[in-house]
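Read-outs throughout are calculated quantities, based only on the coordinates presented, and are distinct from any laboratory measurement. Everything quoted here is computed from the prediction, not taken from an experiment. Quick reminder, even Gly has a Cβ in these numbers, built from the backbone with ideal geometry, and neighbours come from all protein chains shown.
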Amino acid sequence: MRYDNVYFITGTAYAGKSTMVKLLAGKYGGILCEENYHDRLLSGLDKAEFPYLTYTRDLEDWHDFIRRTPEEYREWIDGVSRECEILELRLLDDLKTEGRPVFVDTNISIETLKAITEPGHVLVMLADPQISVRRFFERPDREKQFLYQLIMEEADPEQAMENYRRGLMLINSPENYDRYLHSGFQVIIRDENRSVAQTLEMVEKAFGLTGERTDGTEKQIQNKTGRSS
């Protein structure tokens with residue numbers, strides 16, 4: 001499989017991946033595949049085949065979600081990523097034939113990306129691992145505020161928050177950061193002093209894009225359900 005018209009951005013949380021794929025799709029008349037774009041398939045998944053993705057779909061009490069141990073949380077995140085990769089590849093097989101560039105905030109593993117596309121079509125974006133732990137609940141998006149409210153409803157909110165943050169620390173570990181940093185793909189590291197426009201220029205250069213706008217209507221595949229990642 002080769003995805004010659006697909007551009008993948010992977011990496012860690014808070015690195016700017018979502019912002020960049022949106023800007024690229026809008027500027028180049030491309031197809032936008034936002035974070036968790038595969039969720040459009042969620043309702044039809046068999047839980048025997050996709051136990052991690054269907055965990056939240058079939059969850060009856062969301063307090064159970066935030067009560068898991070850090071190790072259980074990390075295992076779930078890893079399982080979700082593996083299952084997401086299967087769905088992403090299914091969707092991209094159809095999207096790549098539409099004749100427009102496709103810009104993807106992806107869960108596909110580094111190993112698989114090396115097998116399916118050229119190095120110049122993959123970009124790694126990284127942020128300090130501590131940012132996602134420290135600032136996780138600062139984002140106003142509905143999903144994170146929902147989780148924050150669940151934690152505040154616990155009998156011991158302070159302990160519940162500490163438990164959840166330990167899970168975030170396992171996911172956003174220095175080892176995970178280094179795995180991306182030394183993946184062999186081009187890397188852009190978050191810099192608070194760099195503007196969004198400057199970062200976009202760096203991304204365009206990494207992908208070998210001209211910077212010239214193209215005609216076309218952006219097609220969005222909406223992220224319908226959120227997961228903590």
Whole-Å distance linking the alpha carbon centroid of segment 143-210 with that of segment 44-106 is 18
Two-decimal Rg to Rh for segment 102-195 - Kirkwood Rh, Cα set: 1.05
Treating only the Cα positions of the chain as identical point scatterers, give the base-10 log of I(q)/I(0) from the Debye formula at each q in 0.11, 0.16, 0.18 Å⁻¹. -0.57, -1.20, -1.47
Taking a threshold of 23 Å on the Cα-Cα distance, which of the pairs 22/96; 47/114; 17/205; 22/47 fall above it? 47/114; 22/47
Report the FRET efficiency, 1/(1 + (r/R0)^6), for residue 154 and residue 209, where r is their Cβ-Cβ distance and R0 is 41 Å, rounded to 0.05. 0.30
Residue-averaged 222 nm ellipticity for the chain, from DSSP H runs of 4+ at -39500 (n - 2.57), nearest 500: -14000 deg cm²/dmol
Between the modelled labels at residue 165 and residue 179 (7 Å from Cα along Cα→Cβ) the distance in nm is 2.4
